[in-house]
Every structure is written in C-alpha cells, then in structure tokens.
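I have placed the structure first, in the form of structure tokens, so that the comments after it can refer back to it.
Just so you know, all these numbers are worked out from the coordinates, no wet-lab data involved. Computed from a predicted model, the values in this text were never measured in an experiment. Virtual Cβ from ideal backbone geometry, glycine too; neighbours counted across all protein chains shown.
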C-alpha cells in the first residue's frame with residue numbers, strides 16, 4: 001500500500017495522477033477462512049482491521065451483500081459523542097471517542113473527524129434535571145460535559161433562537177466539546193483500505209444465505225450467493241438485518257428493525273459551528289464540510305426493512321428545526337433517505353458470544369452506531385480473537401436479557417442517539 | 001404514511017391515528033412465576049422481526065381505541081389484511097406474500113407498462 005501524504009499528492013501532480021492505486025483489492029473468495037465477518041459496514045470492516053492489526057489474524061473475509069459502506073455506515077448523520085449515563089455505555093463510547101481522535105493517523109486516511117462540540121438542548125425542568133445528572137455522571141467518570149445557560153448556548157451557536165416566547169423555549173444546554181462529526185464514507189473506505197493492505201479479503205455483492213453447522217452445533221461456514229465458504233469463527237455485524245442473519249443459525253435476538261430517516265439541505269456557506277440535538281422535540285442538525293445542513297429525524301413506529309420511512313416523520317422534524325433556528329426556514333432540502341436500525345429493548349447494543357459455538361454477534365446499535373464504529377470494531381475483534389468479551393464490553397452480552405441485567409439508557413435518559 | 005384499515009371502525013384511516021403495538025399472537029404464560037429465566041426472556045424480549053410477512057398488533061388510539069391484528073409485508077410495508085383481536089391468524093389474499101423493494105426507476109416503469 002502506498003501511503004497517502006503531501007509528498008504523494010505532489011508526486012502524482014507531476015505525472016497526471018496516473019500512479020494512484022486501487023484502495024482495496026476485490027479478490028475471489030477462498031474456500032475457507034479463519035474468520036468470516038458478515039457485513040462490510042464500518043463495524044465489520046473495522047473488526048477485520050483490528051483482527052489483523054492487534055491479534056495477528058489475517059486470514060479473514062468480510063462478506064457484504066451490497067457494496068461496502070452502503071448500509072447504515074453511509075446513511076447516518078455522523079454524530080460522535082460519549083456523554084451516556086451508565087458506566088457500560090460510557091466505557092464503550094469513550095473508548096470509541098479516544099480511537100476517533102487518532103483514527104486518521106492510524107489508518108493513514110483522512111476520516112475528517114472534527115471535534116466541534118455536541119450540544120443537547122434542554123427545554124423544560126425534566127430535561128434540565130436529566131442533563132445535569134448526565135453531566136455529573138460523565139464528569140465523575142472523566143468524560144467532559146458541561147452545562148450552558150441559554151445565553152452561553154447562543155454564543156456558541158448563533159443561529160439558535162433563545163427567546164422566551166419561542167415555540168420551544170430553551171432553558172439551558174449540555175455541551176460535550178470533544179464530540180463532533182466525521183466523514184462516514186471515509187471511515188468505511190479507510191478501514192477497508194487498511195484491512196485489505198493487511199491481507200483481509202473484502203467480498204462485495206455476495207449475500208450470505210445460510211450458516212452451516214457441524215454435528216456439535218458449531219459453525220462450519222456460510223452459504224453465500226458465491227457458494228459455500230468455510231470458517232472456524234463467524235462474526236455477525238449486519239445492523240438492521242442482524243435478526244435475519246442470526247435466524248440462519250437458529251438464534252433469536254431481541255431486536256426490532258425500524259427505518260430512521262435523515263435529510264440534507266442545499267449547500268450553504270459555513271453558518272453552523274457544531275452539532276445541536278433536541279431530544280424533546282426530536283431534531284438534530286449539523287453542517288457538513290460541503291456546506292449541507294445534515295438533519296436527523298426520528299424512527300418510524302413499526303418494523304420495516306423498506307429503507308424509506310414516512311413523510312410525517314421528517315415533516316415533524318423540520319417543523320422543530322424551523323422553530324429552533326428560524327434563520328433556516330427558507331432553506332431547501334435536497335435529499336432524504338432512510339436506513340434500517342436494529343433496536344434492542346433497553347436501547348443498548350449487544351456484543352458477545354451466542355449459544356452457537358464459533359458464532360459472535362455485534363448488533364443492536366440502533367439509532368446510534370456510527371459514533372461507536374472504532375470502539376465497537378476494536379472490541380468485537382478482541383471478542384472474536386479471544387473468544388470472550390473485552391472488559392469494556394463485558395456488560396453488553398446477549399445473556400443480559402435472561403439475567404435481567406439491562407443497561408437501560410432509553411428509560412434513564414430519553415436520549416436520541 | 002400508511003393507510004390502515006381498522007376492522008372495528010371498518011374504515012381506512014391514516015397512520016397518524018394508530019399506534020404500533022409489537023408482534024401479535026404472543027400469549028402471556030399463565031404460570032409466569034413458575035417458568036424459567038430462559039422462558040421468560042423468550043416471552044418478554046425475543047421477537048421474530050421478520051423480513052417479509054409479519055403478524056403484528058396495532059391500536060386505533062385516536063379512533064375507537066381498540067387493539068387489532070394485522071398481517072403486513074415489512075419489505076414493501078403493504079398491509080395484507082387486518083382482523084379483530086382474539087381471532088386466529090387469517091388466511092392471506094392471493095397476491096405474493098413478500099415483494100422486493102422497488103429500487104430503480106426502470107423497475108417501476110416496467111410495472112406501469
């Protein structure tokens with residue numbers, strides 16, 4: 001792999017950019033691998049990369065039914081933060097945030113991580129109490145999070161309407177300054193390039209149609225649209241389709257898949273300096289480096305794999321955006337899309353072993369998986385390599401729904417991811 | 001937005017009047033204190049989450065307020081039938097139970113012809 005650098009750009013400029021090589025290889029699958037990862041999103045590609053880099057396991061294939069990064073990795077609103085309430089959540093999201101900080105250098109690929117701050121608006125007494133509880137929990141755990149008055153919030157985000165007569169008045173805000181955004185496609189591409197360089201096979205347009213099991217129930221490999229591929233270990237990282245893939249091995253998981261929508265506006269000059277979320281009126285917004293306002297809406301209420309979502313959901317979100325930021329009322333929206341999120345009953349992810357020997361699962365990231373990409377991938381690689389969870393992910397097991405040791409972020413926080 | 005037929009009101013109404021209420025035909029165990037943790041997790045948390053035909057409950061919350069059951073395709077979101085609570089799974093109309101998502105303009109154009 002030729003490293004990217006300012007010298008590489010200069011060299012290629014001298015020879016009409018004819019020396020750039022393909023970022024990753026597209027090999028034909030071998031008959032068997034040590035590890036197969038199902039799903040080439042950020043989590044799956046990242047897990048393959050860390051398996052190769054940190055655990056020396058390079059006989060790995062990442063199998064993807066579409067194109068890499070074409071699912072939720074390319075459909076999210078790229079928000080990164082770690083200000084969760086419970087220690088299990090803070091552990092994994094903070095681990096992830098620390099990896100984000102050095103990811104571009106680690107991958108030699110600019111993922112455009114931008115710690116521009118994530119602000120969560122408080123609209124009422126309940127919000128204020130809940131956010132202050134979060135702030136205290138975070139600070140006791142060594143994670144930055146601070147309380148702002150409405151005036152301080154306005155100073156940080158000038159387009160914000162803090163008038164007391166506003167439709168959704170604001171009585172303060174919580175700000176995590178290290179939170180921010182990154183370029184989601186670059187995360188998938190960067191992991192794919194770095195993993196491919198270390199010998200990982202990335203096999204696109206190859207749908208897993210079954211999981212073959214041996215006489216003792218252990219996994220033998222996967223049936224795919226390109227034939228049977230053997231594997232000693234299989235890691236499922238299939239986001240919204242996790243239920244479908246796990247069902248192939250006869251494992252039921254406590255998930256329901258719902259569409260989550262996002263939309264972007266026409267490009268504007270730089271006007272919006274950070275990420276602002278309002279959980280109460282359910283809207284969040286940031287500005288991409290291209291200048292588009294990136295707006296996230298809520299999930300539809302019913303199970304669906306349609307990757308679209310109802311119009312009333314985004315209408316509701318835009319109503320709220322226009323009230324919070326009156327300056328955006330005449331901005332035109334350019335594109336809208338949906339991704340399928342896999343939601344657990346306690347709104348915390350599942351990463352761990354399964355009742356099937358050799359089968360590992362990483363799912364349930366729901367509406368907030370992008371921010372966890374490096375951390376989740378890193379710990380999933382550890383799980384697959386060692387056969388047991390890393391200390392930081394020990395609470396995220398599938399077994400918690402039997403033991404009752406839930407990580408109830410949803411009820412505690414009313415937090416949008 | 002979905003258009004949903006309430007089997008009690010016998011009317012097609014907008015999705016805004018309804019609340020989704022999860023998988024249908026799950027019976028609460030009668031000996032709930034005697035069952036094992038595995039059985040409780042199965043009843044309480046594990047769901048089919050089908051891609052394709054699913055049976056689910058809806059509530060006409062801003063209408064008659066009653067729960068009913070529906071058969072729906074989770075790929076196209078099309079309702080195949082709705083029926084009153086307490087009734088067994090209903091036979092489905094003849095048309096294919098699962099449809100592929102229409103992803104291209106050419107695909108829809110072909111249908112129109």
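Taking each residue of B:38-49 in turn, how many C-beta atoms of other protein chains fall within 10 Å of its C-beta, and what is the average?
6
The distance linking the range B:18-66 with the range A:210-260 is 24 Å (Cα centroid to Cα centroid, whole angstrom).
From most to least packed by mean Cβ count within 10 Å, the peptides A:207-217, A:88-98, A:102-112 give A:88-98, A:102-112, A:207-217.
The fewest-to-most ranking of A:35, A:62, A:294 by surrounding Cβ atoms within 10 Å reads A:294, A:35, A:62.
Relative to the longest principal axis of the Cα atoms of chain A, the long axis of helix A:373-386 lies at roughly 30 degrees. In the range A:263-293, which residues have a backbone nitrogen under 12 Å from the label point lying 7 Å from residue A:126's Cα in the Cα-to-Cβ direction? Answer for this model: A:280-281. Simple spin-label estimate for residue A:154 and residue A:54 gives 4.5 nm between the two label positions (7 Å along the Cα-to-Cβ direction from each Cα).
Extending 7 Å from Cα along the Cβ direction at residue A:13 and again at residue A:177 yields two label points whose distance is 3.5 nm. Model label sites at residue A:282 and residue A:139, defined 7 Å from Cα along the beta-carbon direction, differ in position by 3.2 nm.
Which percent, nearest 5, of DSSP beta bridges in chain A are antiparallel?
That works out to approximately 70 percent antiparallel.
Averaged over peptide A:295-305, the number of partner chain Cβ atoms lying within 10 Å of each residue's Cβ comes to 5. Reducing the range A:67-144 and the range A:299-351 to their Cα centroids gives an inter-centroid distance of 19 Å. Would you please give the FRET efficiency between residue A:25 and residue A:403, computed as 1/(1 + (r/R0)^6) with r the Cβ-Cβ distance and R0 = 60 Å, to the nearest 0.05? That pair, residue A:25 with residue A:403, gives E of 0.90. Scaled to the globular estimate 2.2 N^0.38 Å, the Cα spread of the protein assembly as shown, given as radius of gyration, is 0.99.
Ordering A:260, A:85 by the number of other Cβ atoms within 10 Å of each residue's own Cβ, fewest first, gives A:85, A:260. So what is the calculated 222 nm ellipticity per residue for the protein assembly as shown, using -39500 (n - 2.57) for each DSSP H run with n of 4 or more, over all residues, to the nearest 500 deg cm²/dmol? Calculated at 222 nm, the ellipticity per residue is -8000 deg cm²/dmol. Paramagnetic label reach from residue A:316 (point 7 Å along Cα→Cβ; backbone nitrogen cut-off under 16 Å): within the range B:1-22, residues B:1-3, B:14-22. Per-residue Cβ neighbour counts within 10 Å put B:46, A:359 in the sequence B:46, A:359, beginning with the fewest. Seen against the Cα atoms of chain A and their longest principal axis, helix A:184-197 is set at about 20 degrees. If you plug the beta carbon distance of residue B:10 and residue A:146 into 1/(1 + (r/R0)^6) with R0 = 45 Å, you get a FRET efficiency near 0.20.
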